[in-house]
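The structure under discussion appears below in the form of structure tokens.
The values are calculated or read from the model by the stated rules, or taken from the named source; none is laboratory data. Here the structure is a predicted model, which is why all the values come from computation and not from measurement. Here the Cβ positions follow ideal geometry from the backbone for every residue, glycine too, while neighbour counts run over all protein chains shown. These accessible areas exclude ligands, DNA and RNA; they are computed on the full protein's heavy atoms, side chains included. Shrake-Rupley method; radii C 1.70, N 1.55, O 1.52, S 1.80 Å.
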Amino acid sequence: MIALPPNTELMADAEATARAAAEHLLAMAERAEGERIAICLSGGSTPKRLYALLASPGFVERVPWARIHWFFGDDRVVPWDDALSNVRMVREAFGHAAPVPATHLYFIPSDHGAEAGARAYEKTLREFYGADHLDPDRPLFDLVLLGLGSDGHTASLFPGKPALAERKAWVAPVPEAGMEPFVPRITLTLPALASSRSVLFLVNGASKREPLQRLADGEDLPARHVASAGRVTWYIDREAAAA
Ligand code: 6PG
């Protein structure tokens, strides 16, 4: 088995990862003190089952939908109804069962290109946060959900790309993605992701063995740089862990 990151919980399979993540999110919401709860969603395919679970019987009645505000850690610069869009993935997963107030879903604008979209989303985050500087004692997010790409990227922070090195802006354009889909992206930056009470990585499947092994070998991959004001937890299934 691969030497796994600190605070890893080994999951039997992808379904177990999704169910544990749903319970983790509910427990976080239970502890959250403020009226508003801010959750930053991961894109890609791994979290779709989690999002569908939250909207399903047994969970949908337990989620404090009226308090939660849903943000995106990144998106592809494509129309929101495009098959590549994380907005479409979340909308399909939540379906009509999740009573999400329309004003509580903050989609990353994708109709004016990566630069303009990044600036617009940063404005949205600053307005929600109520300040232009992130206070370490007042995290922007209660929970950040992240995935791990087969190249070790997370959100749309790819190895060697400028957005990874961004330390002032909260949101950055990614004109050239580091792996498929090779469309421009918009991504939250490491400082924005770090402004969180907790981070949860969801990692399933054999394709993640290589990046997990490279992380274990100490390679300087983007996912290694993710920090939080609280705990960074990993839910990794046995297939990814080569257990
Ligand atoms: C995206 C995601 C990205 C994803 C990883 C893993 O927009 O693609 O934010 O960071 O989490 O690429 O993707 P899978 O879950 O599809 O393996």
### Query
Looking at G218, S207, L10, which one has the Cα that reaches farthest to the positive end of the dipole of the chain (charges on Cβ: Lys, Arg +1; Asp, Glu -1)?
L10
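So, with a 1.4 angstrom probe, what is the percent of accessible area on the chain that is carbon and sulfur?
Answer for the chain: carbon and sulfur cover 52 percent of the accessible area.
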## Note on the structure
For the pair A206 and E23, the simple spin-label estimate (label points 7 Å beyond Cα toward Cβ) gives in nm 2.9
### Query
log₁₀ I(q)/I(0) of segment 28-167 at q = 0.18 Å⁻¹, via Debye over equal Cα point scatterers, no solvent, to two decimals?
-1.19
#### Entry: Nearby lysines by direct alpha-carbon distance to K161 (threshold 22 angstrom, same-chain neighbours under 8 apart not counted)
K208
### Task
Return P(r) of the chain (all Cα-Cα pairs; 5 Å bins starting at 0; whole %; ordered from short to long distances).
1, 7, 14, 20, 21, 18, 13, 5, 1, 0
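Calculate, in nm to one decimal, what M179 and R231 gain on full extension: separation in residues at 0.36 nm each, minus their alpha carbon distance. Intermediate values should be presented prior to the final figure.
Details: separation 52, 0.36 × 52 = 18.72 nm, distance 2.81 nm.
Here the segment from M179 to R231 would lengthen by 15.9 nm.
Assigning unit charges at the beta carbon (Lys, Arg +1; Asp, Glu -1) and nothing else, what dipole magnitude in debye, to the nearest 20, does the chain show about its Cα centre? The partial results should precede the final answer.
Numbers: 25 positive and 31 negative charges, 44 e Å.
Once rounded to the nearest 20, the dipole reads 220 debye.
Full-extension gain between E127 and E61, please, as 0.36 nm times their residue separation minus the C-alpha to C-alpha distance. Show your work: numbers first, answer last.
On the way: separation 66, 0.36 × 66 = 23.76 nm, distance 2.95 nm.
Separation in residues times 0.36 nm, less the Cα-Cα distance, equals 20.8 nm.
For segment 97-199, take the alpha-carbon Rg, divide it by the Kirkwood Rh, and send me Rg/Rh.
On the way: Rg = 13.9 Å, Rh = 14.5 Å.
Ratio of gyration radius to Kirkwood radius for segment 97-199: 0.96.
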### Query
Given A116, L148, A29, which one lies farthest toward the positive end of the charge dipole of the chain, if we put +1 on the Cβ of every Lys and Arg and -1 on the Cβ of every Asp and Glu?
A29
## Note on the structure
Note to self: with every protein chain in place and a 1.4 Å probe, segment 122-243 gives an accessible area per residue in Å² of 41
### Summary
Residues of segment 132-176 with backbone N under 17 Å of the label point set 7 Å from the Cα of A120 along Cα→Cβ are 171-175
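Determine how many Å³ per residue the convex hull of the Cα atoms of segment 121-162 encloses.
On the way: hull volume 4.6 nm³, N = 42.
Convex hull of Cα atoms, per residue: 111 Å³.
Ratio to report: Rg/Rh of segment 166-209, with Cα atoms as the point set and Rh obtained by the Kirkwood method; give two decimals. Display every interim value, and only then the final one.
Details: Rg = 13.1 Å, Rh = 12.6 Å.
My calculation of the ratio gives 1.05.
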## Note on the structure
Karplus-derived 3J(HN,Hα) from phi for segment 88-97 (6.51 cos²θ - 1.76 cosθ + 1.60, θ = phi - 60°), whole Hz, x at Gly and Pro, runs 4, 4, 5, 4, 5, 5, 5, x, 8, 7
### Query
How large is the accessible surface per residue of segment 79-118, computed with a 1.4 Å probe and reported in Å² as a whole number?
53
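Which peptide among 157-164, 141-148, 226-233, 212-219 comes first, and what is the full order, when sorted by highest mean count of other Cβ atoms within 10 Å? Mind dumping the intermediate values first?
Details: 157-164: 19.8, 141-148: 25.6, 226-233: 17.0, 212-219: 14.8.
The peptides rank, most packed first, as 141-148, 157-164, 226-233, 212-219.
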